[in-house]
Amino acid sequence: MFSSTVMDHWLPAAAGDLAEGEGVVVVDPELPENRSVSVLQVEDGPTVVCLSPGRAAHLGHAHGEHIAADEATERITAAGIALNDPDHLFYLPVEEHASVLAETADGHTRRLTEEDVDAFAALAAAAPENDLDEAFVELDHWLVFGNFVEGRLAAAASMFPWRGTRLADLGVITLPEYRGRGLARATVLAMAAEALDRGYEPQYRCQLDNAPSVALALASGFRRFGEWTVIDD
């Protein structure tokens, strides 16, 4: 369903035969402290617990160890390790790639450049602060797209390569008065098409309780890959 770029990044070979409710431990010496503990629950699939060597020793885990999914999270909690609120992980199924690439952007949606700094600044000034923080859309990101209404930047989306991989993490924001018009969807799809054309896999993350963002992901053709939680640093 999902591309090898997605599957190879998230699922170790040891997870290949595991079913829902079963888990595997991955010990990675390259994990930074702010990702020294993470838990991925794949939709209708296994759980992958990624740990730094120090965290693995603390929790009593070994690389490649198979463990029940609920036991893994119980050990983390019992050790006093706090986790952030989980994120949905959404990706475009392989069968959606062609339709995204074939979709023609309307005349109001285009890539943003440094010449759009004033338009972007106006959007940032008008947007609710919490929305800006959660969306993490920046004009200097790897790819940035926007949708204009009567000359005003009403929606913007940006993405950047995810930790040296071919996954491209995206964020999107629409000014409140322009919501419900499909502007965010048009912007996300135009940017996703550009990322796919460059050989990157668009990655859409959002909090579990962010219903509008979940709806936008699904409307844009993304499907849920799993639920990802990292240590609260």
May I ask you to sort 7, 159 by Cβ crowding, counting other Cβ atoms within 10 Å and putting the fewest first?
-> 7, 159
Could you pull out which residues in segment 165-181 have an amide N less than 19 Å from a spot 7 Å beyond the Cα of residue 125, following the Cα-Cβ vector?
-> 174-178
Global form of segment 91-224, assessed from the alpha-carbon gyration tensor, a/c cut-off 1.5 = rounded
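Above 13 Å lies some portion of the pair distances; for segment 130-191, what is it as a whole percent of all C-alpha pairs?
60
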Looking at the chain, which longest stretch skips every one of the trypsin sites (Lys or Arg not before Pro) that is in a DSSP loop with at most 15 other Cβ atoms within 10 Å, leaving the sites themselves out?
-> 1-162
Choice from 127, 211, 195 showing the highest fluctuation, given a GNM over the chain with Cα pairs closer than 10 Å | 211
Pairwise label distance in nanometres, residue 98 with residue 33, each label 7 Å out on the Cα-Cβ vector | 5.0
For the modelled label position 7 Å from the Cα of residue 65 along Cα-to-Cβ, which residues of segment 17-34 have backbone nitrogen atoms closer than 19 Å?
-> 18-19, 21-31
For the chain, modelled as a GNM with alpha-carbon contacts under 10 angstrom, which of 220, 99, 36 fluctuates the most?
-> 99
Output the antiparallel fraction of DSSP beta bridges having both residues in segment 4-83, as a percent to the nearest 5.
-> 60
Report the percentage of all Cα-Cα pairs in segment 1-95 whose separation exceeds 14 Å, rounded to a whole percent.
-> 66
Separation between the residue 210 and residue 178 pseudo-spin-labels, each 7 Å from Cα along Cα→Cβ, expressed in nm?
-> 1.9
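Before rounding to the nearest 500, sum -39500 (n - 2.57) across all DSSP H runs of length at least 4 in the chain and divide by the residue total; then give [θ] at 222 nm in deg cm²/dmol.
So the calculated ellipticity at 222 nm is -9000 deg cm²/dmol.
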Please identify every one of the GluC sites (Glu not before Pro) in segment 137-233 that sits in a loop by DSSP and has no more than 14 other beta carbons within 10 Å of its own beta carbon.
-> 150
Grab the other residues whose beta carbon is less than 13 angstrom from that of residue 83, score K and R as +1, D and E as -1, and report the net.
-> -3
Enter the Cα centre distance for the pair segment 1-54 and segment 165-233, rounded to the nearest angstrom.
-> 21
So for the pair residue 75, residue 111, with labels modelled 7 Å out along Cα→Cβ, what separation do we get in nm?
-> 4.6
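Each reported figure results from applying straightforward, stated rules to the coordinates on display, with no laboratory input. On a predicted model such as this, the values are computed, not experimentally measured, just so you know. In this analysis, Cβ positions are derived from the backbone assuming ideal geometry, glycine residues included, and neighbour counts consider all displayed protein chains.
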